[in-house]
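One structure is given here, and the rest of the page talks about it.
What follows is calculated from the coordinates using simple rules that are stated; it is not laboratory data. Note that this is a predicted model, so its numbers are computed, not measured. Here the Cβ is made from the backbone with ideal geometry for all residues, glycine too, and neighbour counts use every protein chain on show.
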Amino acid sequence: MLAAEGGRPWTFYAFAAFFALFVLFLYGPMMVIYILSFQGPSGGMTFPLNGVSLHWFDALISQTRVGDIAGSFQRSIGLAVAAAIVTVVLSVVAALGFRRRFRGSAFAFYLAIASLIMPGLFVGLGIALTFRLLGLGTDWYTSGLGAQLTWTLPFGLLIMFAVLGRFNRSYEEAATDLGATSWQRLREVTLPMLLPGIIGVALFGFTLSYDEIARTALTAGSANTLPLEIWAMTTTVTSPALYAIGAVTTVVSFIVIGVALISIAVIQRRRTRGTGEPI
Amino acid sequence: MAILDQTADESAATPGAGAEHIAVDAGGERASWFQITPLVVVLALFFGLPMLVVLAVSFFDFDRTDIVPAFILDNYVDLFRSEVTLRLYTSSIKFALIVWLVTLVLGFNIAYFLVFHVRTVLWQIALFLLCTVPFLTSNIIRMISWIPFLGRNGIFNQALMGSGVVDQPLEFLLFSDFAVIVAYVHLFTLFMVVPIFNSMARIDKSLLEAAHDAGASRFRAVAEIVLPLSKSGIALGSIFVVTLVMGDSFVVRTMSGGQSASVVSALQNEVAALQYPPAAASAVIMVIIVTLMVAGILRLVDVRKELAR
């Protein structure tokens, strides 16, 4: 509508400027702490930079008072990988099941939505109390993983609904007409076509778990995950080491996001090239 | 770029096409249940059951070291008698309202820009990702990244003093309600952008052309076409933002420097003091209030077509 035949209306420029400001608002503060993480050894929590150094990154490893960064980092990565795998398998399978209308589908759907919007700390409190009443100890890989799944699974399900909403079922019908068994159809038609969406679910499963705090706080047991360790640091560490761990953890997130987006783009490009037609 | 074309197609295609037209048959129903059972079991064990436990524990008694199974109403009575309760709810609801308003205005305009002003789908996807990527990084890090900005000697104050706008650093920027709201808006605006973007993307652009041809101003077209047609997205985004703010304790603790509290941050203190039954009672009341708020939003707007599969 808006002047498709040429010049932009003035509102475009107003909106573009507004959008640019929003992006600055989103990224600006983050960029600042990445810069400040290279603060010199005598530098403080804000500008000016007193020299440039890797001192604060080194402090993460060498100074014991900043906490158990290496251990919590390993736990968080392990947890995120586990959460991503479980989320992909369970939510993809469940979303395929939801394509049919069946009795109880509304119940299952609203259970997932309720699980998504319930305040995370309440879920954690409930799990901690349940484990306590059952006489079980809480650990990051049992109660912690379960707590995170109440958050990553509904997300995975909603993403799969969006992916399946634009999935053309005639490809599946064609496979059946050509004599494919339902297993062949799933393995050779449905899953390959859904692969970009599935990678998206894995990305969300990983990063949502990797950064989760509210559900994990009461369920991780005695060993902290990385976000919990950082949360503890916000009250005890008043040096740029806090920014250094922020920079490190964000780099990990960016690598994961980058790998996921690039693999989706590669898959899409191959498909377009193979058929000349977008699927 | 097939994914991009698909996104473009989606706005034109009928939403949720294909899925629902399969006839219900007993075998299919069994297969569906088989497929969703693992997910339902996990959610029942780690969400359904724990929530029932919270409800049960809210009636328990407790002593200094342990919870004692009982059926007493003392936890609720104490909660309603305490003056602190009302103050905490006022504080939480105030934050929720302000953040809701700000994220709504931001989210609506950003979604509108992306859907109606950005012309190529490639740019649309790129700018959409630009908004989404921070969401996939740590909330805590994004929150503390405001500290060098808002502090007494922070960048904002340095800039204000440098340009001569103020000669004393502003004290209210960090560790205040202001800082809490800035952090909430920073963290949660995306939850408003995405649902509104989705519902706007489904609006038939020819409607706007028709309005334009009929002489409607741009503003009127937005008010009478875009706004009503993106209502379900707005409702969904509002549910996300309101529940996120009401359920938060970490942001309010850090960014207010302990000066402000929310219902959930007070609850967290009770948990730290091992007072589980009062914490559980507080959680139950909070869930009821948040459910009422969500139900209110759903009453105003039917979001089912947004969630329709």
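Arrange the peptides B:102-110, A:179-187, B:37-45 so that the one whose residues have, on average, the most other Cβ atoms within 10 Å appears first. List each step's numbers first, then the result.
Working: B:102-110: 20.3, A:179-187: 12.4, B:37-45: 18.8.
So the order, starting with the most tightly packed, is B:102-110, B:37-45, A:179-187.
Expressed as an acute angle from 0 to 90° and rounded to the nearest 10, what is the orientation of the C-alpha long axis of helix A:145-165 relative to the principal long axis of chain A?
40
In Å and on Cα atoms, what radius of gyration and Dmax does the protein assembly as shown show?
Every Cα atom of the protein assembly as shown included, Rg and Dmax give 24.9, 80 Å.
For B:GLU224 and A:TRP10, what does the FRET efficiency come to when R0 = 22 Å and r is the distance between their Cβ atoms, rounded to the nearest 0.05? The partial results should precede the final answer.
Values: r = 21 Å, r/R0 = 0.96.
After rounding to 0.05, the efficiency reads 0.55.
Across bins of 5 angstrom width beginning at 0, how are the C-alpha pair distances of the stretch A:67-236 distributed, in whole percent?
Distribution as computed: 2, 9, 15, 17, 16, 14, 9, 7, 5, 3, 2, 0, 0, 0 percent.
Viscosity 1.002 mPa s, temperature 20 °C: Stokes-Einstein D of the stretch B:118-276 from its Kirkwood Cα radius, in µm² per second? Spell out each step's value before the answer.
Details: Rh = 18.9 Å.
D, rounded to a whole number, is 114 µm²/s.
When you have a sec, figure out the Kirkwood radius of the stretch A:19-145 from all distinct Cα pair distances and drop it here in Å to one decimal?
Values: mean 1/r = 0.0511 Å⁻¹.
Roughly 19.6 Å, rounded to one decimal.
I'd like the mean, over residues of A:37-49, of how many other protein chain beta carbons sit within 10 Å of each residue's own Cβ. It would help to have the intermediate numbers written out before the result.
Details: counts 0, 0, 0, 0, 0, 0, 0, 3, 6, 11, 5, 2, 0.
Partner-chain Cβ atoms within 10 Å, mean over residues of A:37-49: 2.
What are the semi-axes of the equivalent ellipsoid of chain B, taken as the square roots of 5 times the eigenvalues of the Cα gyration tensor, listed largest first and rounded to whole Å? If you can, show how the numbers build up before the last one.
Working: eigenvalues 293, 210, 62 Å².
Result for chain B: semi-axes of 38, 32, 18 Å.
Using the 2.2 N^0.38 Å rule of thumb for compact globular proteins, work out how the stretch A:66-139 stacks up: its C-alpha Rg over that value, please.
Working: Rg = 16.6 Å, N = 74, 2.2 N^0.38 = 11.3 Å.
Normalised Rg, Cα atoms only: 1.47.
Determine the gain in length on full extension of the stretch B:LEU86-B:ALA70; use 0.36 nm per residue of separation and subtract their C-alpha separation, reporting nm with one decimal. Before the final figure, lay out the partial values.
On the way: separation 16, 0.36 × 16 = 5.76 nm, distance 2.68 nm.
Length gained between B:LEU86 and B:ALA70: 3.1 nm.
What relative contact order, as a whole-number percentage, does chain B give when Cα pairs under 8 Å and 6 or more residues apart are counted? Present the calculation step by step, with values, prior to reporting the outcome.
On the way: 313 pairs, mean separation 84.0, N = 309.
Over chain B, the number comes to 27 percent.
Comparing B:ARG220, B:ARG152, B:ARG64, which has the greatest mean-square fluctuation in the GNM of chain B with Cα pairs linked when under 10 Å apart?
B:ARG64
Could you work out the mean count of beta carbons from other protein chains within 10 Å of each residue's beta carbon in A:21-27?
Details: counts 0, 9, 5, 0, 5, 9, 5.
Mean inter-chain Cβ contacts per residue within 10 Å come to 5.
How well do other chains shield peptide A:162-170, expressed as the mean number of their Cβ atoms within 10 Å of each residue Cβ?
Working: counts 3, 1, 4, 9, 10, 4, 5, 5, 1.
Whole-number average of other-chain Cβ neighbours for A:162-170 is 5.
Between 0 and 90 degrees, rounded to the nearest ten: what's the tilt of helix A:69-97 against the longest Cα principal axis of chain A?
20
Cα centroids of the stretch B:108-185 and the stretch B:212-289: how far apart, whole angstrom?
19
Please check: in the Gaussian network model of chain B (C-alpha springs, under 10 Å), which one of B:SER262, B:SER230, B:SER32 has the largest mean-square fluctuation.
Most flexible of the set in this elastic network: B:SER32.
Taking 7 Å along the Cα-to-C-beta vector as the label spot, tell me the B:ALA56-A:THR235 distance in nanometres, rounded to one decimal.
The two pseudo-label positions are separated by 3.1 nm.
So between B:GLU209 and B:ALA26, what do we pick up on full extension, going 0.36 nm a residue minus the alpha carbon distance? Intermediate results must be reported in sequence, preceding the final value.
Details: separation 183, 0.36 × 183 = 65.88 nm, distance 4.76 nm.
Gain in length upon complete extension: 61.1 nm.
With an 8 Å cut-off on Cα pairs and a minimum separation of 6 or more residues, tell me the relative contact order of the stretch A:112-255 in percent. It would help to have the intermediate numbers written out before the result.
Working: 117 pairs, mean separation 52.9, N = 144.
Reported as a whole number, the value is 37 percent.
In chain B, which whole DSSP H runs stretch at least 15 Å along their own axis (Cα) and average -0.5 or higher on the Kyte-Doolittle scale? Mind showing how you got there, number by number?
Details: long enough: B:2-12 (16 Å, -0.16); B:26-43 (25 Å, 0.82); B:83-112 (44 Å, 1.31); B:121-132 (16 Å, 2.16); B:177-201 (35 Å, 1.74); B:231-246 (22 Å, 1.79); B:276-300 (36 Å, 1.92).
For chain B, where a helix must reach 15 Å along its axis and average at least -0.5, the hits are B:2-12, B:26-43, B:83-112, B:121-132, B:177-201, B:231-246, B:276-300.
Suppose the chain between A:TYR110 and A:ASP139 were pulled fully straight at 0.36 nm per residue; how much longer would it get relative to their current alpha carbon spacing? List each step's numbers first, then the result.
Values: separation 29, 0.36 × 29 = 10.44 nm, distance 2.82 nm.
Answer, rounded to one decimal: 7.6 nm.
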